[in-house]
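Peer 1: Below are the structure tokens for one structure; questions will follow.
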Amino acid sequence: MRVLVVHESLWGNTRKVAEAVARALEPIATVDVVDTDSAPDVVEGYDLLIVGGPTHAFSMSRKSTREGARQQDADVHVPARGIREWLDDLTPVTVPIPSAAFDTRVNSPRLPGSAAKAARHELRSRGFDVAIKPVSFRVHGYQGPLVDGELERAAAWARGLVSGLAVPAL
Ligand SMILES: Cc1cc2nc3c(=O)[nH]c(=O)nc-3n(C[C@H](O)[C@H](O)[C@H](O)COP(=O)(O)O)c2cc1C
């Protein structure tokens, strides 16, 4: 089983979740973990696509929200393209590939809107199987760190979604 995990992360919180997801799957799958700047635009050949990004302004980040983050913190990692732009570039699939979306969001206050839900909508429009529900992992403030236990929850989520797929394990 081949899994591609694509992530966008300004302060590293979403990347840590993506890496926890990958680590959890490595005993049972061949896993590639890449950021949106180096992610392929064609994902045929993978059995599962997992996409994760930070929630910005109730949805996926935009160039303007990423620049807003840079104004708050000059050291932040601002990718050339986030998951929104990567999904724009992604070649639609002809045979539905299972996909799963996750995001990171502030723990308090609990705001409406989710990058993962928006990403799932885009994945559906590109022919992916979006039966897996999107999930959010929580951070303290805009910069993190992740709330205690979120990496463990991410690992359990990843194992659970793979066990539900009708694809032979590695
Ligand atoms: C410009 C901007 C807008 C944001 N808007 C939201 C929001 O609408 N809801 C939310 O829960 N978090 C919001 N956040 C917090 C991000 O979700 C948080 O920075 C992110 O989860 C951190 O992950 P990262 O380190 O991978 O970038 C926003 C952050 C920035 C910089």
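Peer 1: Which cross-chain or sequence-distant (5 or more) residues have an amide H under 5 Å from the amide H of Val139, H modelled 1.01 Å from N in plane?
Peer 2: Those qualifying (amide H under 5 Å, at least 5 residues apart or on another chain) are Arg105, Val106, Asn107, Val147.
Peer 1: Right, here's the next one. Please give me the summed charge of the neighbours of Asp41: other residues whose Cβ is under 13 Å from its Cβ, Lys and Arg +1, Asp and Glu -1.
Peer 2: -3
Peer 1: Could you give the alpha-carbon Rg of the stretch 2-163 over 2.2 N^0.38 Å, rounded to two decimals?
Peer 2: In units of the globular-protein estimate, the stretch 2-163 measures up at 0.95.
Peer 1: Something else now. Could you tally the net charge around Ser64, taking each other residue with its Cβ under 14 Å from the Cβ of Ser64, Lys/Arg +1 and Asp/Glu -1?
Peer 2: Summing Lys and Arg as +1 and Asp and Glu as -1 gives +4.
Peer 1: For Ala74 and Glu44, what is the calculated FRET efficiency with R₀ set at 35 Å and r taken between the beta-carbons, to the nearest 0.05?
Peer 2: Calculated transfer efficiency: 0.35.
Peer 1: Relative to the Cα centre, what is the charge dipole magnitude of the stretch 39-170, using +1 at the beta carbon of each Lys and Arg, -1 at the beta carbon of each Asp and Glu, and rounding to the nearest 20 debye?
Peer 2: The calculation lands at about 440 debye.
Peer 1: For the residue pair Asp89 and Met1, what label-to-label distance in nm results when each label sits 7 Å from Cα along the Cα-to-beta-carbon direction?
Peer 2: Result for the modelled spin labels: 2.8 nm.
Peer 1: Mind listing the phi-derived Karplus ³J(HN,Hα) values for the stretch 51-67, rounded to whole Hz, using 6.51, -1.76 and 1.60 with θ = phi - 60°, and x for any glycine or proline?
Peer 2: With coefficients 6.51, -1.76 and 1.60, one gets 10, x, x, x, 7, 10, 6, 6, 7, 5, 5, 10, 3, 5, 6, 5, 5 Hz.
Peer 1: Can I ask one more? Go through the stretch 16-22 residue by residue and turn each phi into a ³J(HN,Hα) via Karplus (6.51, -1.76, 1.60, θ = phi - 60°); whole Hz please, and just put x for glycine and proline.
Peer 2: Working through the residues one at a time gives 4, 5, 4, 5, 5, 4, 4 Hz.
Peer 1: Please say if the stretch 5-100 is rounded, prolate or oblate, where rounded means a/c under 1.5 for a ≥ b ≥ c the square roots of the C-alpha gyration tensor eigenvalues, and otherwise the choice is prolate for a/b larger than b/c and oblate otherwise?
Peer 2: oblate
Peer 1: For Ala100, what is the net charge nearby, where nearby means another residue's Cβ is under 10 Å from its Cβ and Lys, Arg count +1, Asp, Glu -1?
Peer 2: +1
Peer 1: What does the convex hull of the alpha-carbon atoms of the stretch 1-48 project to on average, in nm²?
Peer 2: Here the figure is 3.2 nm², rounded to one decimal.
Peer 1: Something else about it: Determine the percent antiparallel among the DSSP beta bridges restricted to the stretch 2-163, to the nearest 5.
Peer 2: 10 percent
Peer 1: Search the structure for amide H atoms under 5 Å from the amide H of Val5, placed 1.01 Å from N in the peptide plane, and list their residues when 5 or more places away or on another chain.
Peer 2: Hits under the 5 Å cutoff: Asp32, Val33, Val34, Ile50.
Read-outs: derived from the displayed coordinates by stated rules, not from any lab. Fair warning: this is a prediction, and the values are worked out from it, not measured in the lab. Because the Cβ atoms are built from the backbone with ideal geometry, glycine has one as well, and the counts that use them run over all protein chains shown.
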